[in-house]
Each structure stands twice: as C-alpha cells, then as structure tokens.
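To start, the structure under review is shown below, and the notes come after it.
All of the numbers you see were taken from the coordinates with simple rules; none came from a lab. Keep in mind that this is a model prediction, so the values were computed, not measured. Note that each Cβ is placed from the backbone with ideal geometry, even for glycine, and that neighbours are counted across all protein chains shown.
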C-alpha cells in the first residue's frame, strides 16, 4: 500500500503553530482535527485550530500553559471565548514573507517584509468531545473534516473517505453528526469556498434534522454547535422573547419555551435578513512593537517561563514555581543593574 508523503503539510502546520505549541500538544497527547487539516490539504488559508484531548487532565495542563502565556506575553496570547464546548485563545505571531521588488538584467530582486498575523486556537473541552481521532470523527458532520494530526506520533490520520471527497471537493454528510443545525450553516460556508453537495446529501441533513424530537428551544439550541455564538443566541432570545441577558451555550440549553417549527422558520427568515448575525469567529488582536527595556525584559521573561514550563510536568504547582522563580531572577537583575 502506498504511503502518503506529508512532510510539506507537517512543516506548514508547525510553522503556523510554532515549535513550542507543537511540543506542548505532543506532551499532552493532543491532536488537531477538523477544518485546519482540511485547509492544509485543500491548500486554503487556516482560520483556526481545533485541538482535541483524550482526557480532562491533558486539557487542564494545556489550558494552564495558555493562561501563563496570556499573563507573561502581553497581547500575544489572549483568551477570547469560553463555552462548555471549548476555550478559544488568539495568538499573535510576527511572520516574514518574501516579496519580489523588481527584475532587471541581473535577475530579480526580493525583499523580506514582516507582518503581524493573528490566529485562533480552540482547546476542545473533553467533557464535550474526547477520545481517539476515530472516535472524534464520529461526531463530525462532513467527511472532508475527518482528518487529524497527532502531535506525539508526528503523523496524520484520515477517515477512509477524507482524501477522496476532498479531491472531488464534495460534501458528504455524516448522519451521526453531533450538531445538525450547525452543519446546515457550515454547508453554506463550504459551498462558498467551492465545494458542492448533491441532493442526496442535502436530503440526509434534512431528514436527520426532521428526526430530532425537540421539546423546548433549549433542546434546539444544543444542536447549534459552533454557530451558537453570543450574537446568534441573543437574536434567538429576542425572537422568542426569552427574558435573559445570559448568552453562554450552557444557559441557552435551559430555554424553557416549547419548541415550534413555525417559530424557527420565522426566526431564520429574520436572521437571513440581517447579515450581522451570520456567525463569524475571527477576532482581531491589537499589538504594538515593544520598545522600552522594561517591555523587552518582560517579553524575555515570558519566553523563559514558557520554555521552562514545557520542560516540566505541566502541573499547577510546577507552573507557579517556575513563574515565581524566573520573575524573581529578572527583578534581582534590575535591582543589581548599574544602568
């Protein structure tokens, strides 16, 4: 059986995440799956990374590491959303790209330019979805999303239909998908990117949704998945006149109003007329170049802490001890400095 050569794809993944995060996810036996892997093999931009964990302890270790980065690396790392499904962080990286300036008799001239680049990393809560890649794939909606990269093993894993359907740019629906309403939104998104979906697959989605026995709008809201953001949920609250300011998905699941197909149809028509409520997950992070010596030292101490933590057991006590020790060393350096 022929082996798929994936060195280029791995290098692209590591370049995007950086070697430190790849090391963290290897230590926690995590894997990246879903849209990021699809984008890598479809040669499309990556919008976010979904990182899955096999148990709660590994998830907690990775979460603690990101919280340390958020504290010690200024605006480079920032927690932007927390739901029962995932914790989302944005990471700002300073990346170089080469641009062609001109071409003359001596050949082309190039210049290197640096850009600030923001990316989102979602740590998927094992309480929502956990297990091996094969087990996680069972909850995914389309076969083109059923790819994963295992950081510890350093290899990709795919569902048997992943590469075939991706090459055809064809959406094939998984009837065991966790969030059917989310799948309808996502199908529209993938179609805008050049994917197609035949009538049989659309009927499968419609029949799966029709087979759901929703008693309340809370049951309905549970199937929203990633499209159930604050804006979408607030729009639903207003439409069904649910009197609350809470917009987190765990609160949405408690909506007591009886479910009604007619009300949903009216809500979707209203939602379609307001493009502001079409879900968007991108988050911009402002960043200013560090200039003063104090700001520079804070950055250096943050990098030292991050490196030391990666070489520890990632326990809460280890992280606290490393942070305190390095910060005290930096402080002592400034107190002893003649400048």
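Order of 10-22, 170-182 by packing, highest average Cβ count within 10 Å first?
Order by mean packing, descending: 170-182, 10-22.
Can you tell me the length gained on complete extension of the stretch residue 315 to residue 215, counting 0.36 nm per residue apart and subtracting the Cα distance?
31.7 nm
Hey, with R₀ at 41 Å, roughly what FRET efficiency would residue 67 and residue 260 work out to, going by the Cβ-Cβ distance, to 0.05?
Once the sixth-power term is evaluated, E becomes 0.45.
Mind ordering 310-318, 157-165 by average Cβ neighbours within 10 Å, highest first?
Answer by packing, highest mean first, reads 157-165, 310-318.
Modelling each spin label as a point 7 Å along the Cα-to-Cβ direction, I'd like the residue 175/residue 132 distance in nm, to one decimal.
Spacing of the two 7 Å Cα→Cβ label points: 2.4 nm.
Quick check for you: which residues of segment 149-187 have the amide N under 15 Å from the point 7 Å beyond the Cα of residue 199 toward its beta carbon?
none
Within segment 119-142, name every residue whose backbone N is under 19 Å away from a label modeled 7 Å from Cα of residue 164 along the Cβ vector.
The answer is 134, 137-138, 140-142.
Beta carbons within 10 angstrom, averaged per residue: use that to sort the peptides 124-130, 138-144, 64-70, 202-208, highest first.
The most tightly packed comes first, giving 138-144, 64-70, 124-130, 202-208.
Between residue 118 and residue 6, what is the label-to-label distance in nm when each label sits 7 Å out along the Cα-to-Cβ direction?
Here the modelled spin labels are 3.1 nm apart.
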